Amino acid sequence: MKTIAFIGLGNMGGGMAANLVTAGYKVHAFDLSEDALAKAKEKGCEPFSTVSEAVAEADAVVTMLPNGKIVKSVYTGEVIGKAPKGALFLDCSTIDVATAREVAGLAEDAGYTMVDAPVSGGIAAASGGSLTFMVGGTSEAFAKAQAVLEPMSKAVIHAGQIGSGQVAKMCNNMLLAIHMIGTCEAMALAKRAGLAPQKFYEISSKSTGYNWSLNDYTPVPGVGATSPADYDYQGGFASALMLKDLGLAIDGAHDANATVPLGEHALEIYRAFVEAGNGGKDFGAIFTTL
Ligand code: NAD
């Protein structure tokens, strides 16, 4: 496999495509944004002016797009039937499970192999080549996908059948939102009850309260691990994206007839925060509301 078409070169996709270039792949790039395309060119990608042209000679197509509606329209409009027969499709966007399965079904009917391969890790992990990929698809598809994903990853995990990557992603991010809110509440309570947040961090990060939000991404400025909290909650993982992911999880829970009371509450908390104009702030900024 030599040529990879990369569609969607935004905050995440830009760094990911650059890592494929470094790994020796020929990367044919497309994005609606001329700025994103120009940056990809600087990093060694070959820019194209349409998706169809970018995928025309691709052995594999990687997409990193904002949502399921766009993913479906890109694949049905300009990838399926335009990429060479037998090409491997990898959608790394975070989208709903139903759309992931539908698009993969359409691709397979047309003679392609597809995996859903959403990621954990933010923009730094995307440019640093240290994302975790959770992959849904057959064992054969997963084996092919590994070679493409390896240069962008610290871990590539086969989650199960098609759509399972998105199931893993929605569950992971619902859990992330819940432990972030819980960490913020505990920090705020410690402070109000007279315990310095740094002291609480030292204790709880080595006790049963330890979790990623507390230990590795401490949401309180100047306390614990360095995080966007130390930069006025700029950069990091935007609250608007967390709200999107919680929406996917709650819809997924309804489809699966699962009960997720804390997930629903987390969605309400992030919705209020985003509607108050904080969508661009890192999701740890929920601390400032307590
Ligand atoms: P982004 O908005 O920075 O990038 C998306 C890119 O897609 C943009 O450059 C946009 O111009 C392009 N695009 C939109 N429609 C297109 C189309 N029809 N054809 C071609 N290009 C098109 O978003 P991002 O932060 O890079 O996120 C991408 C995906 O990764 C999302 O699904 C997001 O949920 C997921 N994700 C993001 C993060 C993060 O920390 N940012 C972490 C994990 C997963």
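We did not get these values from a lab; they are worked out from the coordinates using the rules stated. Computed from a predicted model, the values in this text were never measured in an experiment. No Cβ is skipped: glycine too gets one built from the backbone with ideal geometry, and neighbour counts run over all protein chains shown.
Rounded to the nearest 20 debye, the dipole magnitude of the range 167-289 is 320 debye, with +1 charges on Lys and Arg beta carbons, -1 on Asp and Glu beta carbons, and the Cα centre as origin. Between the listed residues Thr218, Gly194, Phe283, the Cα displaced farthest toward the positive end of the dipole of the chain, a dipole computed from Cβ unit charges relative to the Cα centre, is found at Gly194.
Take every Cα pair under 8 Å whose residues are at least 6 apart in sequence, average their separation, divide by the length of the range 167-289, and the relative contact order is 32 percent. When the Gaussian network model of the chain links Cα atoms closer than 10 Å, the mean-square fluctuations of Phe142, Phe273, Phe89 top out at Phe273. Under 5 Å between amide hydrogens, built in the peptide plane, is the criterion, and for Phe6 it picks out His28, Ala29, Phe30, Val62 among residues at least 5 positions away or on other chains.
Per-residue Karplus couplings for the range 189-196, computed as 6.51 cos²θ - 1.76 cosθ + 1.60 with θ equal to phi - 60°, are listed in order as 5, 4, 4, 5, 8, x, 9, 4 Hz, Gly and Pro entered as x.
With R₀ fixed at 22 Å, the C-beta to C-beta distance from Ala124 to Leu262 puts the FRET efficiency at about 0.20. Residues whose amide H falls under 5 Å from that of Phe89, counting only those 5 or more places apart or on a different chain, are Val61, Thr113, Met114, Val115, with hydrogens built in the peptide plane. Computed about the Cα centre, the dipole magnitude for the chain is approximately 520 debye when only Lys and Arg (+1) and Asp and Glu (-1) carry charge, each at its Cβ.
Label-to-label distance for Lys206 and Gln161 is 4.8 nm, based on points extended 7 Å past Cα in the beta-carbon direction.
Which whole-number percent gives the relative contact order of the chain, counting Cα pairs below 8 Å spaced six or more residues apart? Walk me through the numbers before you get to the answer.
Numbers: 572 pairs, mean separation 37.4, N = 290.
About 13 percent, as a whole number.
Over 19 Å apart at the Cα level, from the set Lys82/Lys244; Lys244/Lys281; Lys72/Lys154; Lys2/Lys43; Lys154/Lys244, are Lys82/Lys244; Lys72/Lys154; Lys154/Lys244. Cβ under 15 Å from Ser239's Cβ, Ser239 left aside: what net charge do those residues give with Lys, Arg +1 and Asp, Glu -1? Neighbour charge sum, excluding Ser239 itself: -2.
In terms of its C-alpha gyration tensor, the chain comes out prolate, because a/c is 1.5 or above and the ratio a/b outweighs b/c. Applying the Karplus relation 6.51 cos²θ - 1.76 cosθ + 1.60 with θ = phi - 60° to the range 85-92 yields 3J(HN,Hα) values of 3, x, 5, 9, 10, 10, 9, 9 Hz, where x marks Gly and Pro. Distance from the Cα centre of the range 1-16 to that of the range 72-135, in angstrom? Cα centres, the range 1-16 to the range 72-135: 12 Å.
Sequence-distant contacts, meaning Cα pairs under 8 Å at least 6 residues apart, place the relative contact order of the range 52-211 at 17 percent.
In order along the range 209-215, the Karplus-derived 3J(HN,Hα) couplings, from 6.51 cos²θ - 1.76 cosθ + 1.60 at θ = phi - 60°, round to x, 4, 6, 4, 4, 7, 6 Hz, and Gly and Pro are given as x.
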